There are 2 protein chains.
Amino acid sequence: MASPTASLADVARHAGVSLATASRALNDAYGVSTATRAKVLAAATELDYVASPDATRLASGATRRVAVVVPHIERWFFGQMVGGLERVLAAADLDVLLYHVGDEADRRDFLTRLPARRKVDAVIVVAFPVDEDERQRLELIGAAIIAAGGQSADYPYVCIDDYEAGSLAMRHLVDLGHRRIAMIGGLDPDQPGWPVVSGRSRAYDDTLKSVGVEPDPRLVHEVEWGPTNGAAAMHRILDANPDGPPTAVFVHSDELAFGALQALRHRGLRVPDDVSVVSIDDHPLAELLDLTTVAQDVAAQGAVAGQMVLSTLGDRPGALPSGVTAPVELRVRASTRHT
Amino acid sequence: MASPTASLADVARHAGVSLATASRALNDAYGVSTATRAKVLAAATELDYVASPDATRLASGATRRVAVVVPHIERWFFGQMVGGLERVLAAADLDVLLYHVGDEADRRDFLTRLPARRKVDAVIVVAFPVDEDERQRLELIGAAIIAAGGQSADYPYVCIDDYEAGSLAMRHLVDLGHRRIAMIGGLDPDQPGWPVVSGRSRAYDDTLKSVGVEPDPRLVHEVEWGPTNGAAAMHRILDANPDGPPTAVFVHSDELAFGALQALRHRGLRVPDDVSVVSIDDHPLAELLDLTTVAQDVAAQGAVAGQMVLSTLGDRPGALPSGVTAPVELRVRASTRHT
């Protein structure tokens, strides 16, 4: 890494452009070709250039803008989260810059470029991890980082306890007498190792073991989030168990469960008479489908993340909790019953 | 209206603050109280103050930011739309400022304040109307307006033809022999008069009349968008027709239809054996619920809106269509059958 005190002139020299062009490129002005802008940004990144270090030392805010970075804006969870935090930030007269970043490469590219452009006071990352290197770059320019929908040791976060949510769902099934319980897990191929999944899966294993049942790999299938995949996973599990279906299924999210319900219906299995189904979220359609689920209030988590940003920008670190674990609650509906 | 050439000094004088304070307030700098900022913005609004008129005459962009204004970020339609346009704008290195504005008063306040702050090059309004006065204010500062998800005579738009979508759904039911057809309509109380609804409702009336059936008000119920309301509307229609249910229901959107399906199930009516259901959208869960629907690709409409912004900012008015009508397509699934 080069010295963090690189000047604009250093950047211009490194990129082989004039000072004016370097300035325009970094300030996103028009009249600079995409190729030139890319070259200047690359130079700025390489030299760890930070625009106007004196100004950024004031940290909280020249821009009054907050970047919200989400991997999947189209999904219920993310819409709720963004809605909740936008309300809080807008009320404080802060603008939300929305960035949709898909896979890991996109995300690295985004988080690496953001500092050189110094466009925001804070960054809220929704449900994905930020690595140490990315975190350092953001801190260099004084942008606060808040994690929403996922836990982090390195910066303030708000999320549910996935192990707790999974345990509530599994405990409900076990209390109803179920022992042969399948699990449909959610995986995000763009976010390998993101710990959301493992908390829910650990709860599955631990709850079964607590009643003396050894988890059976034929009853577990993990798929990418999304309703259609939930149907495919359910079919796979039924196919892998020709001796008879499980008496219950624990599904990592409601959207996956909607698919599982369809698959069960298409296979002629009744819910809950033949198979009980429980999941996590309390998506608005869960009630309509009579789905028993562990509810979380995602919009409220968004609001907490917004409040964390306000605390950070107000320079009141004492008032800022290192993490908030949002409550979860079992909602029993008609998709689960006694064995 | 005052002269559009009011200076910053005029604004400061009118607001009773110093020039520096007026400037800071308009530039969203810190160190200005909310009350003062409100006073200055009010003065700027009253005087039609436009920051740096010379610069704004260059119109297409100092900011490289686009405001996306949505009334309901949490809903499927809006998430899809924002996702689609963010991809196109991000690829062109434009940032998306997301504004969630709820009711009409919020919206007016937002659209009135935006010009004085001159923060964006373009405004995309998603599925709500902009009135003449608001439009003029935005044009004054050279911000382009694009309407996504709703038609407009005044600025470029992309949306489906609601009459066409409704006609496809209704024609499908009529072709299956249905004549006693109910309708669950969607209303947005925050957007009175927004024409989306009437296109779908007109299609209902016209299709019935085309087969010699006079629309029966006891078979029609309009509710606010949202799945739970669809269930309530279905119950109301069944209650209003004790002599027997309709043989089919045309629902204005899939999310309302999910509720209608639950209500029918709870009343012991089978779909499609007793009642056929058809709606509009092709929400990802429609397939899982075997719902026949008229599909629209909302993310693609978002991408078109993004392209329209690029055309506008590139000053290529010739390349910019005044409106794009997105295609719709009937997807026949298991929720509809012959009478």
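The values are calculated or read from the model by the stated rules, or taken from the named source; none is laboratory data. Source: prediction; values computed, not measured. Reconstructed Cβ throughout: ideal geometry from the backbone, glycine too, with neighbour counts over all protein chains shown.
Return the residue satisfying two criteria in turn: it lies in region B:83-115 and is of a type outside the set (A, V, I, L, M) and either in a strand (DSSP E or B) or without any contact (Cβ under 8 Å) to a residue 12 or more places away in the chain (or both), and of such residues it is farthest from residue B:300 (Cα to Cα). I'd like the intermediate steps shown before the answer.
Step one: list which residues in region B:83-115 are of a type outside the set (A, V, I, L, M), which gives B:83-84, B:86-87, B:93, B:95, B:99-100, B:102-104, B:106-110, B:112-113, B:115.
With either in a strand (DSSP E or B) or without any contact (Cβ under 8 Å) to a residue 12 or more places away in the chain (or both) added as a condition, the list becomes B:95, B:99-100, B:106, B:109.
Numbers: B:95: 19, B:99: 21, B:100: 21, B:106: 28, B:109: 30 Å.
Ranking the candidates gives B:109 first.
For region A:230-253, indicate whether the set of residues that are more than 30 Å from residue A:95 (Cα to Cα), modelled with pLDDT under 95 and among the β-branched types (Val, Ile, Thr) is non-empty.
Within region A:230-253 (the criterion being more than 30 Å from residue A:95 (Cα to Cα), modelled with pLDDT under 95 and among the β-branched types (Val, Ile, Thr)), the answer is no, since none of the residues qualifies.
Residue B:338 fails exactly one of the following numbered conditions: (1) in a loop (DSSP other than H, G, I, E, B); (2) within 14 Å of chain A (Cβ to nearest Cβ); (3) modelled with pLDDT of 95 or more. What is the number of that condition?
Condition not satisfied by residue B:338: (2).
Just to verify a result, which residue in region B:233-257, among those that are within 14 Å of chain A (Cβ to nearest Cβ) and surrounded by 19 or more Cβ atoms within 10 Å (Cβ to Cβ), is nearest to the chain's Cα centre (by Cα)?
Just the residues of region B:233-257 that are within 14 Å of chain A (Cβ to nearest Cβ), to begin with: B:233-235, B:251, B:253-257.
Subsequent filtering for residues that are surrounded by 19 or more Cβ atoms within 10 Å (Cβ to Cβ) retains B:233-234, B:251, B:253-257.
Working: B:233: 22, B:234: 24, B:251: 18, B:253: 13, B:254: 16, B:255: 15, B:256: 16, B:257: 19 Å.
Filtering region B:233-257 for residues that are within 14 Å of chain A (Cβ to nearest Cβ) and surrounded by 19 or more Cβ atoms within 10 Å (Cβ to Cβ), the one nearest to the chain's Cα centre (by Cα) comes out as B:253.
Give me the residue from region B:126-146 that is in a helix (DSSP H, G or I) and of a type in the set (A, V, I, L, M, F, W, C) and, out of that set, nearest to residue B:297 (Cα to Cα).
Taking region B:126-146 and keeping what is in a helix (DSSP H, G or I), we get B:132-140.
Cutting the leftovers down to of a type in the set (A, V, I, L, M, F, W, C) gives us B:138, B:140.
Values: B:138: 29, B:140: 33 Å.
The selected residue is B:138.
Filter region B:266-287 down to residues that are at pLDDT below 95 and within 15 Å of residue B:336 (Cα to Cα), then give me how many there are.
Residues that pass the stated criteria total 2.
Taking residue B:155 and the conditions (1) at pLDDT below 85; (2) under 30 Å from residue B:23 (Cβ atoms); (3) aromatic (Phe, Trp, Tyr), which numbered condition does it fall short on, given that it satisfies the others?
Status for residue B:155: all satisfied but (2).
Within region B:46-61, how many residues are part of a helix (DSSP H, G or I) and at pLDDT below 75?
Narrowing region B:46-61 to residues part of a helix (DSSP H, G or I): B:46, B:53-57.
In the following step, the residues that additionally are at pLDDT below 75 were identified as B:53-57.
The total comes to 5.
Give region A:272-308 a look and list any residue that's surrounded by fewer than 22 Cβ atoms within 10 Å (Cβ to Cβ), more than 11 Å from chain B (Cβ to nearest Cβ) and over 26 Å from the mean Cα position of the chain (by Cα), or say none.
Once the filter is applied, which keeps residues that are surrounded by fewer than 22 Cβ atoms within 10 Å (Cβ to Cβ), more than 11 Å from chain B (Cβ to nearest Cβ) and over 26 Å from the mean Cα position of the chain (by Cα), region A:272-308 yields A:272, A:273, A:274.
For residues that are in a loop (DSSP other than H, G, I, E, B) and of a type in the set (Asp, Glu), scanning just region A:147-167, find the one that is farthest from residue A:252 (Cα to Cα). Quick ask: steps written out before the conclusion?
Step one: of region A:147-167, the residues in a loop (DSSP other than H, G, I, E, B) are A:149-156, A:161.
After this cut, where a residue has to be of a type in the set (Asp, Glu) as well, the list is A:154, A:161.
Numbers: A:154: 26, A:161: 13 Å.
Looking at residues that are in a loop (DSSP other than H, G, I, E, B) and of a type in the set (Asp, Glu), I get A:154.
Kindly provide the set of residues from region B:194-247 that are in contact with a Gly (Cβ under 6 Å, 6 or more places away or on another chain) and over 28 Å from residue B:148 (Cα atoms), ordered by number.
Once the filter is applied, which keeps residues that are in contact with a Gly (Cβ under 6 Å, 6 or more places away or on another chain) and over 28 Å from residue B:148 (Cα atoms), region B:194-247 yields only B:231.
Where residues in region B:146-175 are among the charged types (D, E, K, R) and within 16 Å of residue B:281 (Cα to Cα), which of them is farthest from the chain's Cα centre (by Cα)?
Of the residues in region B:146-175, the ones among the charged types (D, E, K, R) are B:154, B:161-162, B:164, B:171, B:175.
Narrowing further to those that are within 16 Å of residue B:281 (Cα to Cα): B:161-162, B:164.
Working: B:161: 13, B:162: 12, B:164: 17 Å.
In this case the residue turns out to be B:164.
Just one of (1) under 21 Å from the mean Cα position of the chain (by Cα); (2) within 12 Å of chain A (Cβ to nearest Cβ) trips up residue B:260, so point out which.
Every listed condition holds for residue B:260 apart from (1).
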